[in-house]
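Please read the structure below before turning to the comments.
The values are calculated or read from the model by the stated rules, or taken from the named source; none is laboratory data. All values reported here derive from a predicted model rather than from experimental measurement. Here Cβ is always computed from backbone atoms with ideal geometry, including for glycine, and neighbour counts include all displayed protein chains.
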């Protein structure tokens, strides 16, 4: 009962932040930029606490649970299927609805999107993400992929010592305690999410007004449509046809992670809430850890679908026709960028700039797209969180055997 009340209170404050941000941004105009900085500080604090939580969770999980090669193969298979379906939905919607035709490149202001837009996403750069230059660099940069790799390596090393007869019980206890402490700290920080939402909305409205929202209505609409269709078609399809779990039961537990993800704009920051929801669904600890913690950087359906849609949108806005081969090349770039992108604010948007540069498309429209990205970013985070839950459920179901209905 108390948990439900706290959940409802946070949801109400998030909606209040949205409602107040609109008139405050309109009234203050350019002076509302400082409110956007406050919002960034809150989000950065969430990510600051979430990254160590991920490290402690993975190391503790490797020490205390058995993760077989079979489970790893299952996770890779389910992630690949969901990612390919996300790409298909994003490309299909842009090809059929052609949202880019409603916006011409003349609306771009030519402003550069920092140095990220000029980067190339080559194989060497992708492989370099596996091994950081130092142990502290991934934590300093919130680079989730190196954090996952290093945590797995350190956890496996400790596991090796444990299998050799070394007493690592004190280490296990320490990581379990640290994880719980970070969960408490994150729960305190998450209470400031409504303030972050207020600041981001006010800053965006104050700087750009409502005109970009009108001009980019097709872009936002098609993006949201895809991000809605993917869970409804793909995830619910898995639940009905394979897992055989009642949809009402799933969405009842997923409600809280969805609201947190929409407010925090981060699947990583929502991790403790996601794990709690998976516990409520009866998913085993080993499966939820593997799917939601270890597999989170491989499972970014929201970013992948958004990038596939946005790449074609930019091409259409510039009057460029992409052949099937070009679209497949862009799709592969989306997959690589989504896997290698660091856990930073607007990660999906920054990775989009890398994809556009990789496939040779103009980047002049990116500053214009950024004006409404605060809407799509939260939808991407929601889909990513639902994807983490879905992968965990699928791994658990595969381990139990699909012949038995879910409890």
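Taken as a whole, segment 227-245 holds no residue that is surrounded by fewer than 20 Cβ atoms within 10 Å (Cβ to Cβ) and modelled with pLDDT under 80.
For segment 17-47, the set of residues classified as crowded, with 16+ Cβ neighbours inside 10 Å and within 22 Å of residue 179 (Cβ to Cβ) consists of 43, 45, 46, 47, listed by residue number. Among the criteria (1) modelled with pLDDT of 80 or more; (2) closer than 30 Å to residue 56 by Cα; (3) assigned to a helix (DSSP H, G or I), the one residue 315 does not fulfil is (2).
Which residue out of 328, 320, 290, 361 is in contact with a helix residue (DSSP H, G or I) (Cβ under 7 Å, 6 or more places away or on another chain) and either at pLDDT 80 or above or part of a helix (DSSP H, G or I) (or both)? Step by step, each of 328, 320, 290, 361 is checked, and only 290 is in contact with a helix residue (DSSP H, G or I) (Cβ under 7 Å, 6 or more places away or on another chain) and either at pLDDT 80 or above or part of a helix (DSSP H, G or I) (or both). Set side by side, the residues 88, 80, 105, 157 differ, and just one is surrounded by 14 or more Cβ atoms within 10 Å (Cβ to Cβ) and modelled with pLDDT of 90 or more, which is 88. Taken together, the residues in segment 266-286 that are assigned to a helix (DSSP H, G or I) and within 15 Å of residue 53 (Cβ to Cβ) amount to 6. One residue stands out in segment 62-77 among those that are surrounded by 12 or more Cβ atoms within 10 Å (Cβ to Cβ) and at pLDDT below 75: the one that is nearest to residue 243 (Cα to Cα), namely 67.
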